Amino acid sequence: MDLALESSAIGPATLERWETTAFEYAHAYQTVPPHRLLADVLADFTEVQRLLEQRQPIRYRRRLCRVAAQLATLAANFASALGAHREVRGWFHTGRLAASEAGDNQLEGALTVRSAIVPLSYGTPASAHEQAARARRILGDTIGPATTRGLLVEARALARMGRGGEALPLLRQAEDAFGRLTAEDRDDPSFGPTERQFLWHLATHGRTWAAPRTPGRSSTAPSTSTRPPSTSTRP
């Protein structure tokens, strides 16, 4: 019985390699066209799916589900850049299911936040606000990249709904949350936001709410990052 429960189709080293794959794709996105990356991500997702269909120890299965969720996020991001919006919704849904199966609330919340950007971009801010608020409930009180992005998306949605007074406090919270991110968090362009992405949100969408404070003047300002910012400003 012990052998049956512990048997796995992959070894620890292979599993660790899969866990670094999403991070490598995320950084490649800064310089490699999305259509090239999407083909590779889809091939890797298919391989991870095949592994999940085989017998795996529970701890391995959870880690593979997390990899699948990350790859689904990247597939959605790349498909969005190519204008394949129907596929975007499907990939975010698949990613949320995989993150839930992995028991990773932070990743599930991050996927919910990213999926909220889709209706925000297509003129349905009420739906975006609902999804961003749901992500905040999933993420709880944890401060991290997903929380920061979620606050920005929720503030943008409220502002577009003509509720700028409710958006401003969320924007302040997003600034404070970003100031508490680690350098590693700010260096991840897909699961970030990076410093450039954060400032892009403020510069591009700041006019939709009334005179937000300049991030550089805050004691927790984005400019305190100890690493060079990512060159990608893709949200």
* Please turn the phi angles of the range 158-175 into ³J(HN,Hα) values with the Karplus equation 6.51 cos²θ - 1.76 cosθ + 1.60 (θ = phi - 60°), one per residue in order, whole Hz, x for glycine and proline. => 4, 4, 5, 8, x, 10, x, x, 7, 6, 4, x, 5, 5, 4, 4, 5, 4
* To do: Whenever you get a sec, compute what percent of the accessible area on the range 22-79 sits on carbon and sulfur atoms (1.4 Å probe).
  => 51 percent
* Relative contact order of the range 105-162: what whole-number percent is it, with Cα pairs under 8 angstrom and at least 6 residues apart? -> 42 percent
* Asked: Any idea what the dipole of the range 141-190 comes to, in debye rounded to 20, about its Cα centre with Lys/Arg Cβ at +1 and Asp/Glu Cβ at -1?
  -> 320 debye
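Assigning unit charges at the beta carbon (Lys, Arg +1; Asp, Glu -1) and nothing else, what dipole magnitude in debye, to the nearest 20, does the range 64-147 show about its Cα centre? Please report the intermediate quantities before stating the final value.
Values: 8 positive and 6 negative charges, 27 e Å.
It comes to approximately 120 debye.
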* To do: State to the nearest 20 debye the size of the charge dipole of the range 25-117 about its Cα centre, where the only charges are +1 on K and R beta carbons and -1 on D and E beta carbons.
  => 200 debye
* Asked: At a Förster distance of 35 Å, what's the computed FRET efficiency of A126 paired with R180, Cβ-Cβ distance as r, to 0.05?
  -> 0.75
* Asked: Nearest 0.05, what FRET efficiency do A13 and T142 give at R0 = 35 Å with Cβ-Cβ as r?
  -> 0.70
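With every protein chain kept in place and ligands, DNA and RNA left out, what is the accessible area per residue of the range 13-56? Probe 1.4 Å, answer in Å².
57 Å²
Using alpha carbons only, what's the Rg to Rh ratio of the range 86-130 with Rh from Kirkwood?
Radius of gyration over Kirkwood radius for the range 86-130 works out to 1.01.
With the Cα gyration tensor of the range 39-78 giving a ≥ b ≥ c as the square roots of its eigenvalues, does the rule (a/c under 1.5 for rounded; else a/b larger than b/c for prolate; else oblate) give rounded, prolate or oblate?
Because a/c hits 1.5 or more and a/b fails to exceed b/c, the range 39-78 counts as oblate.
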* Structure fact -> Whole-percent carbon and sulfur contribution to the accessible surface of the range 87-210 (1.4 Å, no ligands, DNA or RNA) stands at 49 percent
* **Approximate spin-label separation R172-A133, in nm, with each point projected 7 Å along Cα-to-Cβ** => 2.0 nm
* Go ahead and collect, in residue order, the members of the range 117-147 whose backbone nitrogen is under 16 Å from a label point 7 Å along the Cα-Cβ direction of S100. => 131-132, 134-139
* Structure fact -> Gyration tensor on Cα atoms of the range 74-192, a ≥ b ≥ c root eigenvalues, a/c under 1.5 rounded, else prolate if a/b beats b/c, else oblate, says oblate
* Structure fact -> Classified through the alpha carbon gyration tensor (a ≥ b ≥ c as square roots of its eigenvalues; rounded if a/c is under 1.5, else prolate when a/b is larger than b/c, else oblate), the range 28-130 comes out oblate
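The values are calculated or read from the model by the stated rules, or taken from the named source; none is laboratory data. Model, not experiment: these values are computed from the prediction. Here Cβ is always computed from backbone atoms with ideal geometry, including for glycine, and neighbour counts include all displayed protein chains. Note: areas computed on protein heavy atoms with side chains; ligands, DNA, RNA excluded. Shrake-Rupley method; radii C 1.70, N 1.55, O 1.52, S 1.80 Å.
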